[in-house]
């Protein structure tokens with residue numbers, strides 16, 4: 001997330017002229033989104049307060065709030081410095097502070113437990129420290145996308161519709177509401193865009209229960225921005241993360257992802273490091289059948305921690321399924337671990353909808369905690385000897401994810417053959 005790209009005027013024109021998607025996007029929705037994409041491209045700096053929260057099954061569980069300050073680096077709009085400070089709620093631990101700076105591919109954060117200010121190189125969004133993943137909860141991604149609203153303007157999926165659903169005031173800011181509907185309304189996205197400056201103020205990702213499941217509450221994940229100031233006279237010094245009194249500074253570049261002599265992946269920046277003994281677990285399938293780590297011994301095990309409430313999983317699911325198919329006939333076993341589910345029947349229904357072919361188990365609170373999972377989805381590769389080979393949090397994109405997963409699994413398979 002150290003690098004941010006901004007939409008060019010040519011890209012805006014491409015969005016407007018993309019005929020294949022126009023039949024699914026109303027004229028009003030196209031106008032609102034295109035005006036917003038253009039406004040985003042003109043932003044050189046900004047500050048805002050943000051809050052991420054949930055309604056429905058996760059209400060009261062998700063609560064992250066704070067202040068974001070951003071400066072783009074002069075004429076180079078592909079680079080930016082961003083400081084994110086605030087509080088987040090941790091399960092069973094209450095609220096805690098975070099303070100994160102992302103600049104030119106480096107993430108810096110305050111670790112109060114160790115009394116350190118830590119700096120690490122960041123290869124891509126979704127990688128780096130867990131602190132960075134927490135801080136990113138304050139962000140509406142389209143504010144930093146190469147082509148904002150591409151998914152809404154260029155999506156040609158059958159049944160996909162985008163329309164304007166009136167207006168609503170968000171903390172006094174009158175906003176036009178753009179609604180994108182997927183899968184016959186099972187999934188909906190609501191984007192509240194200011195009628196004045198054309199920048200987004202609220203993003204709601206809503207998952208409605210399928211028809212016939214009226215007892216299940218809709219789940220909404222919401223990011224809301226307030227007190228947004230565009231192009232304030234910010235200076236880099238205002239974003240700098242100083243070392244508090246009594247703290248030390250820990251600066252280290254991320255290791256190259258090259259296999260070691262033992263065949264393990266390079267140490268991960270988050271989660272359990274390679275070479276660590278994988279924590280034992282005993283989970284059950286939706287049918288109540290037990291699954292343990294010991295039962296997977298002498299195979300490469302891939303744990304996919306996910307949830308029906310997690311929007312990123314929809315992008316990752318077909319990719320991980322394709323990777324799984326590519327290792328057919330080899331000693332590789334994948335296992336989907338559904339986490340934080342309110343309805344025990346929902347994961348199996350979603351698993352079938354996504355056409356996943358490897359086994360699914362219902363996670364408990366202890367297993368993701370033991371594996372230090374702090375963001376979703378997370379993928380853990382375990383060697384045939386029961387030790388961690390790689391730990392991947394987030395989904396950085398099809399090509400990068402596939403390359404890293406395939407390389408790590410192949411190394412682990414080769415180690416079994418030896």
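Each reported figure results from applying straightforward, stated rules to the coordinates on display, with no laboratory input. Since this is a predicted model, take the numbers as computed values, not measurements. In this analysis, Cβ positions are derived from the backbone assuming ideal geometry, glycine residues included, and neighbour counts consider all displayed protein chains.
Take peptides 35-44, 134-143 and line them up by average Cβ neighbours within 10 Å, highest first, as a rough protection proxy. Provide the component values of the computation, followed by the final result.
Numbers: 35-44: 18.3, 134-143: 21.8.
Put in order of decreasing packing, that is 134-143, 35-44.
Over all alpha-carbon pairs in region 255-417, figure out the percentage whose distance exceeds 26 Å.
Values: 2520 of 13203 pairs.
Pairs farther apart than 26 Å: 19 percent.
Provide the FRET efficiency to the nearest 0.05 for the residue 49-residue 111 pair, computing r from the beta carbons and using R0 = 22 Å.
Numbers: r = 24 Å, r/R0 = 1.09.
Efficiency at R0 = 22 Å is approximately 0.35.
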Between residue 322 and residue 402, what length in nm is gained on full extension when 0.36 nm per residue of separation is reduced by their alpha carbon distance? 27.9 nm
